[in-house]
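Please read the structure below before turning to the comments.
The values are calculated or read from the model by the stated rules, or taken from the named source; none is laboratory data. Remember, predicted model here, so these are calculated numbers, not experimental data. All Cβ positions, even for glycine, are placed from backbone atoms using ideal geometry, and neighbour counts span all protein chains on display.
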Amino acid sequence: MKRNPVFKTIFQSMASHLILSIAVALCVIGAIVSALLPPLVLERIVDTLASGGNIQLVLAISYFAFIALTGLLESARETLLTALGQKITHALRSSMLAKLSRLSSHTLTQEDPGVTASRFVNDVDTVENLFTSGIISMIADLCRIISIFVILFVKNRGLALVLVLLVPGVFAMTRAFQKRMLKAQIQNRVAVGRISNHIPETIRTIRTIHTLGTESHMRAKYDKAIQEGYDAVEKNNFYDSIFSPIIVMMNVVMVAIVYVLASTGNASINTFFGMGVGTAVAVVTYISEIFSPLQSIGMEIQTIQSAVAGVHRIAEFMDLPERWPCDACLKADDSAPSVSVTDLAFAYEDDKRVLDGLSFEVHANEHLTLCGRTGCGKSTTFKLLLGQYKPLAGSVRIHGQDAYKIPDSEKRRLFGYVEQNFSSVPGTVADQIRLFDATISDEMVMAAAKTVGLHETIMGMEKGYDTMCQSSLFSQGQWQLLSIARAIAAQPEIMLLDEITANLDAQTEKTVLRALKSASENRTVISISHRLYETEGGRTLNLN
Amino acid sequence: MMPMKGIQSPDKVSSFFKSQWKVLTVVTVTGILYNFGLLVGPIFEGKLAQSLLDLYRGQSLFSDILVLAALYVLSTLVVQFARYLKRLYVRRFANNINRSMKHILYANLIHKSKVALDSENIGSLMTKAISDVDQCAEGMRKFTTEVFDTGIAFLCYAGLLVVCDWKLALASLLISCLSYLIAEKLKGIVEKTGRAFKESSGRLNSVVLDRVSNAGLYRIYGSEKAVDEICETNLSDYEKRAVKAEVLISAMPPLYKIISMLSVIAIVFFCGRNVANGVWTIATFTIFLSSYAKLSTKASKAAKLFNSVQKASVSWKRIKPFMRQPETDESLASVACKDLKVKDLGYKTENGTIIFEGLSFTAKPGSIIGITGPVASGKSTLGKVFLCERPYVGSAAFGGTELSSMKQHDLYSCIGYLGHDTELLSDSIEENILLGSDVALDDYLKAVCFDHEISQMPEGIQTRIGSGGVRLSGGQQQRVALARTLVHKKPVLVLDDPFSALDKTTEMAVFENLRAMCSDSIILLISHRLTLFPQMDNVIWMEDGKASLSDHESLMASNAAYKNLYEIQEGENK
């Protein structure tokens, strides 16, 4: 079986923080052992008192000292566990980031960004839970139960046996309750989802609701959803309310049994259950301590269950197909044409060929327009030029080098790709143009903005190029200009224009076309059915 | 279900408490019973230990212990039953309030106008309000719980300790308070680091979402490495803040407990002396010790109470504006069609730009008027004027009554509207068309030429169409919306480009059916496609802020722009 990439990352990061991992283990063990000590001291205190003795200050202090030690170790355990858990999530997220860059372009377009982001954020969090409040806590709780059993076995064998019989029952009951509660919680979450969806929907369709007079219908629907949530919560409330009283009752019954058995005069019972007062008090303390780890283990099982689903989703992501490595030793052949496509065939899936036998060449400073009906492969040709896909047959060469082998770092100097829609990125105006590429200087950013005629607009803003971007900062046309500036910022050789004036009004279109024209000067241009180049007499290639 | 029952003024928290007085009475009775009953445990445990000792000394009998143990179990049963009821009812109290608040919130929302919802972010505030309601109800529950569990229990234990030995009790209570004070002092820091962590987590989320959504863009521009570095910086920041925040939350409680357990040294030492001197019995000793342990646990939780109450009050402040006594829903009346008279109608934006002006016409029942003009000539604005969402200039009257003077439900009894945005719900096709009406769908589906396509769908009219109808094509969405409009037919129907995504044949067929079904209504059909315009009774041409009524033939003869538009489109169709 192949090793799960998630666990691999977890173990690697634990190994690289070995000291921290060992310290966590020590604290876990230390807290368990020290928690066993105070009742033993208490036993001695009570026995001393029972025999009429006086209590030494040392004994009182050591009672407190063991309680304090337990507290300190618990506190240290939580601290170190948090730190280790965060180290692990950090490592997991970093490895997912690295994976993202290795994904094939096809996979990248297939994955829903929201889903992937949720793997990054939520699923990794559940893995942290799996680790900290799942496995490690469970080991700690199990050890605690076992150690209490050992002590009870030494102190009072009979009682330990009674408990051994009782514990599976208590645990089964706990699990039954927790499962029912989880079910009710899931029902509630579904209802809450419906409620929270109903409100934005109402806001979005408010005009229809008002004009059709369906207010009471919508309210009835909403009230039904909140009633479903109410019923689910009520169910959960019942289990939640009765569970802890039941546990307390069991605890009390056990304590009563301890005293009754300890006080039967029967000799055969006494060898099994007999004990001194001090032991009785200590045993009672231990009994009440055995119920809380039992409850916790139930919760930990639940945590582990839900985290396993998260681990599974991350592993799925880590196993997605990767792209081919690029070739850093490629050398551009200046005598070869800028772009040469030979007998190109391509299909996204095996059966349906999007391109078949396409050949063309584009030389320096030439303008070529691709046209044809929707779905004939215009945008696909662009993707192949950009090296996002490998040809099925034939070749796509840029200056004689296979496009798909060109390293990412060189792409921006080679291609200026203007998409139909501008994708804004978080950051300043300059960030939009630079796209976090440190090799693009401020001067280059400004030159690009000047070429598209946005420089004055940007300088007119309060912080100029350092203004933080919001959707309201620019008009639709200006965003398009910005995307042109982004494409030409690194002074690329070849412009790829993808039908960018599809959604613009006439006035804006004129501005954008003017900007495109100045951006295209002295460059090789390949565009998708654009009026500018149809009328300007560049070459046209029909892909139909 | 009566979620609003007994709530007089929903904008006051107290009225929510008042409306739940029955539930709260149960909580009070059982809460007091339980918290006094808490003393039962330590007292009986102490007595049992004492009896056991006495038994060994021959001073008591096995039967004494048996009776004591039985009493212990029985009284615990009563106390724990009270506890069960208290827990159940305090949760029911919160659940009831949660339901009422959500109900009131929505009732307020649904009567807000489109204009109000669009402005000032009210929409997003309302969307967030649901989680605020949850927080609010949760805070009210915790407050109610803690009043008993912390308040009364604390008093009981403290009282018991004072009875046993008041000097020792006061001394140890003081230390307990010290741990509480430290927790209170640290609260500010805990909140601050918690907030910083949340902010960092928000930043990480948005950076990650951007990294993933724009992955293709970054790859094409060769920026993946640079963006990964930004992500990595955010990851490190997140790690640092997460550790800080979580350590403060999970590592501090054991430390608080250590501080308040300090007094145990004194208790064990002095109480032990009391026992040795014969002032106390072993029972008193164990009672005192275990009571103190329970009390110090309670005290360390007190800080939590204040936290949740504070959170709840912040949430309440946010939802309070929506907690008004809601208007009642009035259903729309069925109104017979009368004349629609429009005189010098116009519309100005808030900053005074005239979109169009000077439109006059009278439409008789049964007539169909086409409205067209170049891009941005104000066609859609004219359509919306009849909804009276914002004031218009001039006059528009239905059956002699000015539209702007009508009450909302009277107006919407007369005017139907289907806009560009089809405003579909993420529900089934059936629900989207009927919206609570009780009619047979078949005729309507046929009328919009959708019956055949629906019969091809595995789930038929029960097919769920996704958010905003994404699972349907544009043309299908338009036909669902049109069927919805026909089911809720009005005397005047304003349809804004309802056929734009339909092919020409379907458009013709749907139009024929529409005309037949609405023979007694006035239809105002806004369109940029003129295919149907030769069939209109009248045509309104809008251009350069002017709007005027005419008909197809005269526009073809006198209006070059109209003629040009019509001929280009007819040419395309050939």
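A:L57 meets the conditions (1) closer than 19 Å to B:S172 by Cα; (2) modelled with pLDDT of 90 or more; (3) at the interface with another protein chain (Cβ under 8 Å from one of its Cβ atoms) in every case but one. The failed one is (2).
Can you find a residue that is in a helix (DSSP H, G or I), more than 7 Å from every other protein chain (Cβ to nearest Cβ), at pLDDT 85 or above and within 23 Å of B:A283 (Cα to Cα) anywhere in the stretch A:64-78? No: the stretch A:64-78 contains no residue that is in a helix (DSSP H, G or I), more than 7 Å from every other protein chain (Cβ to nearest Cβ), at pLDDT 85 or above and within 23 Å of B:A283 (Cα to Cα).
Of all residue pairs spaced 6 or more apart or on separate chains, those with beta-carbon atoms under 9 Å, a first member in the stretch B:273-284 that is in a loop (DSSP other than H, G, I, E, B) and a second member that is surrounded by 20 or more Cβ atoms within 10 Å (Cβ to Cβ) and among the β-branched types (V, I, T) are B:T281/B:V275. Exactly one residue among A:A364, A:A309 is more than 26 Å from A:K99 (Cα to Cα) and small (G, A, S), and that residue is A:A364.
Here's a check for you: in the stretch B:462-478, which residue that is in contact with a Phe, Trp or Tyr (Cβ under 9 Å, 6 or more places away or on another chain) and more than 14 Å from chain A (Cβ to nearest Cβ) is nearest to B:L424 (Cα to Cα)? Among residues in the stretch B:462-478 that are in contact with a Phe, Trp or Tyr (Cβ under 9 Å, 6 or more places away or on another chain) and more than 14 Å from chain A (Cβ to nearest Cβ), the one nearest to B:L424 (Cα to Cα) is B:Q476. Among the candidates A:L108, A:L40, A:L49, single out the residue that is among the aliphatic types (A, V, I, L, M) and at pLDDT 85 or above. Step by step, each of A:L108, A:L40, A:L49 is checked, and only A:L40 is among the aliphatic types (A, V, I, L, M) and at pLDDT 85 or above.
Looking across the stretch B:44-65 at every residue that is out of contact with any Leu (no Cβ under 8 Å at 6 or more places or on another chain) and in contact (Cβ under 8 Å) with a residue 40 or more places away in the chain, the one that is farthest from B:I282 (Cα to Cα) is identified as B:E45.
Would it be correct to say that A:T109 is touching a residue at least 24 places away in the same chain (Cβ under 8 Å) and either in a helix (DSSP H, G or I) or within 30 Å of A:G276 (Cβ to Cβ) (or both)? Judged against the criteria, A:T109 is not a match.
Please specify each residue of the stretch A:318-362 satisfying the condition of being among the hydrophobic types (A, V, I, L, M, F, W, C), under 30 Å from A:S95 (Cβ atoms) and in contact with a strand residue (DSSP E or B) (Cβ under 9 Å, 6 or more places away or on another chain). Selection gives A:L320, A:L330.
For the stretch B:270-303, the set of residues classified as facing chain A (nearest Cβ under 7 Å) and buried (at least 19 other Cβ atoms within 10 Å of the Cβ) consists of B:G272, B:V275, B:I282, B:F285, B:T286, listed by residue number. Only one of the listed residues (B:A107, B:A158, B:A116) is among the small types (G, A, S), within 7 Å of chain A (Cβ to nearest Cβ) and either touching a residue at least 12 places away in the same chain (Cβ under 8 Å) or more than 30 Å from B:F285 (Cα to Cα) (or both). That residue is B:A107. The single condition from (1) facing chain B (nearest Cβ under 8 Å); (2) within 18 Å of the chain's Cα centre (by Cα); (3) not acidic (D, E) that A:S118 fails is (1).
Taking the stretch A:1-52 on its own, how many of its residues are in a loop (DSSP other than H, G, I, E, B) and either of a type in the set (S, T, Y) or not assigned by TED's automatic domain parsing to the domain that holds A:A307 (or both)?
So in the stretch A:1-52, the residues in a loop (DSSP other than H, G, I, E, B) come out as A:1-4, A:17, A:51-52.
In the following step, the residues that additionally are either of a type in the set (S, T, Y) or not assigned by TED's automatic domain parsing to the domain that holds A:A307 (or both) were identified as A:51.
Adding up the residues that qualify gives 1.
Going through B:S250, B:S236, B:S260 one at a time, which residue ends up being buried (at least 20 other Cβ atoms within 10 Å of the Cβ) and either part of a helix (DSSP H, G or I) or outside the structural domain of B:E191 (by TED's automatic domain parsing) (or both)? It would help to see each step written out before you state the result.
Details: B:S250 fails: buried (at least 20 other Cβ atoms within 10 Å of the Cβ); B:S236 fails: buried (at least 20 other Cβ atoms within 10 Å of the Cβ).
Exactly one of B:S250, B:S236, B:S260 is buried (at least 20 other Cβ atoms within 10 Å of the Cβ) and either part of a helix (DSSP H, G or I) or outside the structural domain of B:E191 (by TED's automatic domain parsing) (or both), namely B:S260.
Among the criteria (1) crowded, with 20+ Cβ neighbours inside 10 Å; (2) in contact (Cβ under 8 Å) with a residue 40 or more places away in the chain, the one B:L68 does not fulfil is (2).
The rows are residues; the columns are (1) in contact (Cβ under 8 Å) with a residue 12 or more places away in the chain; (2) farther than 25 Å from A:R514 by Cα; (3) crowded, with 18+ Cβ neighbours inside 10 Å; (4) among the β-branched types (V, I, T).
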residue: A:L392; (1), (2), (3), (4): yes, yes, no, no
residue: A:A403; (1), (2), (3), (4): yes, yes, yes, no
residue: A:I406; (1), (2), (3), (4): yes, yes, yes, yes
residue: A:G416; (1), (2), (3), (4): yes, no, yes, no
residue: A:Q432; (1), (2), (3), (4): yes, no, yes, no
residue: A:T451; (1), (2), (3), (4): yes, no, yes, yes
residue: A:T457; (1), (2), (3), (4): yes, no, no, yes
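State whether the residues of the stretch B:42-53 include one that is away from chain A (no Cβ under 12 Å) and surrounded by 17 or more Cβ atoms within 10 Å (Cβ to Cβ).
Yes: the stretch B:42-53 contains one or more residues that are away from chain A (no Cβ under 12 Å) and surrounded by 17 or more Cβ atoms within 10 Å (Cβ to Cβ).
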